[in-house]
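Working notes, structure below.
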Amino acid sequence: MQLSTIIVNHNQCRPLRHALGALKRAALSDSEVIVVDNASEDISVRMVKAEFPQAKVIEHSRKQGFAKAANEAIKASKGEFVLLLDASILVSEETLDKLSEFLQAHPDAGGVSVRMLDAEGNFVEGSNKNMPPEWISFFRLTGLSRLFSKSRLFSKHYEAGWIEGFENTETDVLNSCFMLLRRSVLQDIGMFDDRFKDYGNDIDLSYRIRLAGFKNYYFAKTFVIQQVSQPASKMSWQHMKNFYGAMLTFAVKYLFRLPELRVKNMPGWSSPAYELKQ
């Protein structure tokens, strides 16, 4: 099988319906779609089963972090290429064909992201520099910015929008909304680190791809559309804990390189269960 597309969904029935419809029109002939429903309280599961019976559905009764949910689907998938797609993304009809050809022509590519437009057709700057400003400041402060040498985010001359959105280029960090990965690379480096709940897993995986000697690419010769979705509250304790906790986890993993540590009743900094057997 050539392509497995994975969508982790939580209460996004309406955008998910549109995303699956677009994906069906753009699908490669030898492909599959896996939807992981993360304890949705709406009718997402019923909608997928009724309107897109060809899609496989993995149902969770309790909400898990993105990494665990995505890893479960990756283990169940069969494609040579694995696409992690946000439920808010509409894939244009030529996108999957072009990216498949790109990966086949670039054996050094571990993963690729794509140009993203908003609902009005405007370029979304996060397409090719997918890192929150808080992370940029943290990386600069701790010295972790040296791990991302190809990123113009850490250039003292950086200005918003400076990166050319219509130019194919190598990049440090793949866009979490659309990450097309090579299965053989995942078998080499492992899947998502489940210590990163909902934030930072894209940065961590992108970095591990580069550590293994592969490259991450931004492909600008086609596009996807980002539907308007309801953002999580940035003032909630859960958001702040996961968002800023991910920064600490990344620092512990790559800057301090602490040994495995386990303390009773406390989360450990042990190796994550993200290996994927061949």
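The values are calculated or read from the model by the stated rules, or taken from the named source; none is laboratory data. Note that this is a predicted model, so its numbers are computed, not measured. Note that each Cβ is placed from the backbone with ideal geometry, even for glycine, and that neighbours are counted across all protein chains shown.
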Filter result (charged (D, E, K, R) and crowded, with 18+ Cβ neighbours inside 10 Å) within the range 100-118: R115
Among (1) touching a residue at least 12 places away in the same chain (Cβ under 8 Å); (2) more than 15 Å from V8 (Cβ to Cβ); (3) over 13 Å from the mean Cα position of the chain (by Cα) - the single one V114 does not satisfy: (3)
Of residues in the range 24-50 being of a type in the set (D, E) and touching a Gly at 6+ places or on another chain (Cβ under 9 Å), the one surrounded by the most Cβ atoms within 10 Å (Cβ to Cβ): E32
Test: residue in the range 89-99 that is modelled with pLDDT of 95 or more, assigned to a strand (DSSP E or B), buried (at least 17 other Cβ atoms within 10 Å of the Cβ) and β-branched (V, I, T): yes
Residue within the range 209-227 that is closer than 25 Å to M116 by Cα, part of a helix (DSSP H, G or I), at pLDDT 75 or above and in contact with a helix residue (DSSP H, G or I) (Cβ under 9 Å, 6 or more places away or on another chain) present: yes
Qualifying residue in the range 60-69 (condition: assigned to a strand (DSSP E or B) and surrounded by fewer than 22 Cβ atoms within 10 Å (Cβ to Cβ)): yes
Any chance Q12 is modelled with pLDDT of 95 or more, more than 20 Å from I209 (Cα to Cα) and surrounded by fewer than 17 Cβ atoms within 10 Å (Cβ to Cβ): no
Residues located in the range 78-88, provided they are surrounded by fewer than 20 Cβ atoms within 10 Å (Cβ to Cβ) and out of contact with any helix residue (DSSP H, G or I) (no Cβ under 6 Å at 6 or more places or on another chain): K78
